[in-house]
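Participant: This is the structure I want to talk about, given as structure tokens.
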Amino acid sequence: MAAIRSAGTSPEVALRALMRKTGLRLTVNAESLPGTPDVVFPSRKLVVELFGCFWHGCKKHYKLPAVNRAYWVAKADRNRRRDQRVERQLHRLGWSVVRIWECDLETAPERCLRRVERLLAKGAR
Ligand SMILES: [Zn+2]
């Protein structure tokens with residue numbers, strides 16, 4: 001996984017590189033879809049969303065900043081609601097959605113890939 005872990009590689013770039021291993025055609029930054037998903041497999045109607053630990057409130061790594069707590073609590077809440085709304089919209093449009101956490105991408109990329117490949121193999125929700 002040296003290519004994926006190399007310094008200076010953003011999680012978005014790492015995710016794309018990993019998803020290309022599926023060998024299927026993919027679209028990045030699909031602006032025509034709600035939430036502009038990071039990676040989309042049009043042939044399987046599967047959306048892969050990359051969730052940053054801080055912005056999306058990962059249970060393992062989210063830590064409330066020490067200052068402006070009220071602001072950050074409200075912010076995290078808004079983000080969570082937006083994530084849920086986007087996911088509902090995608091489901092209504094017939095897309096399946098898989099969330100990949102930034103930390104899982106870093107520590108266990110192969111497991112992330114297998115998860116996505118299992119969903120791709122099913123081809124449906
Ligand atoms: Zn995390």
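The values are calculated or read from the model by the stated rules, or taken from the named source; none is laboratory data. Not measured: the values here are computed from a predicted model. So basically every Cβ, Gly included, is an ideal-geometry build from the backbone, and we count neighbours across all protein chains shown. To get the accessible areas, we keep the full protein, side chains included, count just its heavy atoms, and leave off ligands, DNA and RNA. Shrake-Rupley method; radii C 1.70, N 1.55, O 1.52, S 1.80 Å.
Participant: Which condition number does Arg80 fail, the rest of (1) in contact with a strand residue (DSSP E or B) (Cβ under 9 Å, 6 or more places away or on another chain); (2) modelled with pLDDT under 95; (3) charged (D, E, K, R) being met?
Facilitator: (1)
Participant: Oh, and also: Just the residues that are touching an Asp or Glu at 6+ places or on another chain (Cβ under 9 Å) and at pLDDT 95 or above, please, taken from the stretch 20-34.
Facilitator: Once the filter is applied, which keeps residues that are touching an Asp or Glu at 6+ places or on another chain (Cβ under 9 Å) and at pLDDT 95 or above, the stretch 20-34 yields Lys21, Thr22, Pro34.
Participant: I've got another one for you. Mind telling me which of the residues Ala30, Ala70, Ala76 ends up being out of contact with any helix residue (DSSP H, G or I) (no Cβ under 7 Å at 6 or more places or on another chain), open to solvent by less than 90 Å² (accessible area, probe 1.4 Å), more than 24 Å from Glu117 (Cα to Cα) and more than 16 Å from the ligand (Cβ to nearest atom)? Before you say what the answer is, go through the steps one by one.
Facilitator: Numbers: Ala30 fails: more than 24 Å from Glu117 (Cα to Cα); Ala76 fails: more than 16 Å from the ligand (Cβ to nearest atom).
Among Ala30, Ala70, Ala76, only Ala70 is out of contact with any helix residue (DSSP H, G or I) (no Cβ under 7 Å at 6 or more places or on another chain), open to solvent by less than 90 Å² (accessible area, probe 1.4 Å), more than 24 Å from Glu117 (Cα to Cα) and more than 16 Å from the ligand (Cβ to nearest atom).
Participant: Moving on to the next point. Would you check which residues across the stretch 71-119 are closer than 19 Å to Leu15 by Cβ and β-branched (Val, Ile, Thr) and list them?
Facilitator: Val86, Val97, Val98, Ile100, Thr107, Val116
Participant: If you take the residues in the stretch 96-113 that are in contact (Cβ under 8 Å) with a residue 12 or more places away in the chain and among the acidic types (Asp, Glu), which one is surrounded by the most Cβ atoms within 10 Å (Cβ to Cβ)? Give the steps one after another, and end with the answer.
Facilitator: Taking the stretch 96-113 first, the residues in contact (Cβ under 8 Å) with a residue 12 or more places away in the chain are 96-103, 105-106, 109-110, 112-113.
Going one step further and asking which of them are among the acidic types (Asp, Glu), we end up with 102, 106, 110.
Values: Glu102: 21, Glu106: 15, Glu110: 11.
Applying the filter and picking the extreme gives Glu102.
Participant: Still on this structure, please answer the following. Taking only pairs six or more apart or across chains, which ones have beta-carbon atoms under 7 Å, a first residue in the stretch 42-55 that is of a type in the set (Phe, Trp, Tyr), and a second residue that is not in a loop (DSSP other than H, G, I, E, B)?
Facilitator: So the pair list comes out as Phe51/Arg99; Phe51/Ile100; Phe51/Trp101; Phe51/Glu102; Trp55/Asn79.
Participant: Go through the residues of the stretch 37-50 one by one and say whether even a single one is away from the ligand (no atom under 16 Å from the Cβ) and on the phi > 0 side of the Ramachandran plot.
Facilitator: yes
Participant: Further, regarding this structure: Which one of the conditions (1) open to solvent by 30 Å² or more (accessible area, probe 1.4 Å); (2) away from the ligand (no atom under 16 Å from the Cβ); (3) in contact with a Phe, Trp or Tyr (Cβ under 8 Å, 6 or more places away or on another chain) does Arg81 fail to meet, given that it meets all the rest?
Facilitator: For Arg81, the failing item is (3).
Participant: Residue check, Arg44 against (1) open to solvent by less than 80 Å² (accessible area, probe 1.4 Å); (2) within 18 Å of Lys122 (Cβ to Cβ), all met but one. Which one?
Facilitator: (1)
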